[in-house]
Structures are given as structure tokens and as C-alpha cells.
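> The structure is given below, and queries will be raised subsequently.
The values are calculated or read from the model by the stated rules, or taken from the named source; none is laboratory data. Everything numeric in this text was worked out from a predicted model, so none of it was measured. Cβ: placed from backbone, ideal geometry, glycine included. Neighbour counts: every protein chain shown. The accessibility values were calculated without ligands, DNA or RNA, using every heavy atom of the protein model including side chains. Shrake-Rupley method; radii C 1.70, N 1.55, O 1.52, S 1.80 Å.
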Amino acid sequence: MNKIQSVNLKNNKNQPIKSISHQDIYSLHDLLEQLNSWQNALNLLNDFFSDKQRPVNKKKIASDYYACSQIFSSFHNDFSQTLPKIQKQINELRQKEKI
């Protein structure tokens, strides 16, 4: 009779290590990349709102403000949808079986 040997992997504090698949890691990485994709747009918004240049060109500010509001609205919608997905994935990873 062959016995299947059970392997118990433990961390340095002698606690069981959780089983996390590559798919779990890639899925979380994809969501992180989705958020990172906003970096340039957010830098643009930061530049717009931190510009203290004088004299003020009111026509340019009005047109830039509209464009920035559209960028922010898109970011806010994406962020609002992505954050719960990330929280769900992290919670699932926390619940994974320990090996």
C-alpha cells in the first residue's frame, strides 16, 4: 500500500501557508494595472489644479476645466467599480485553504 505523504508548509512563525494560485495573483495584478493606468491622467489633473500661474486666462481655464472634469468623472467611475473587486479578491485570498 502506498501512503500519500502530507506536506505541511509553514512560515517562519510556524503558521500554515495559504494556497494561492497563479490565477489569483494575475487577477489581482490586472486590477492593480487598471488602477496604475490612471497615473498619467491623475498627474494631468494635479498639474491643472496646482497651476498658480498669473495672469489667469479665463477661456483656457474654462475649456481645461471641462476636459479635467470628464477625466475625473471617468476615473471616479472606474475606481468605484474596481475598489470592491479588489476588496473581494483580497477577502477571497484571506479565506484560501492553508497548506
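> Taking ILE86, is it touching a residue at least 40 places away in the same chain (Cβ under 8 Å) and surrounded by 11 or more Cβ atoms within 10 Å (Cβ to Cβ)?
In short, yes.
> Look through ILE25, ILE61, ILE20 and report the one residue that is at pLDDT below 90, part of a helix (DSSP H, G or I) and under 25 Å from GLN81 (Cα atoms).
ILE25
> Any residue in segment 89-96 that is in a strand (DSSP E or B) and either open to solvent by less than 80 Å² (accessible area, probe 1.4 Å) or at pLDDT 85 or above (or both)?
Scanning segment 89-96, I find no residue that is in a strand (DSSP E or B) and either open to solvent by less than 80 Å² (accessible area, probe 1.4 Å) or at pLDDT 85 or above (or both), so the answer is no.
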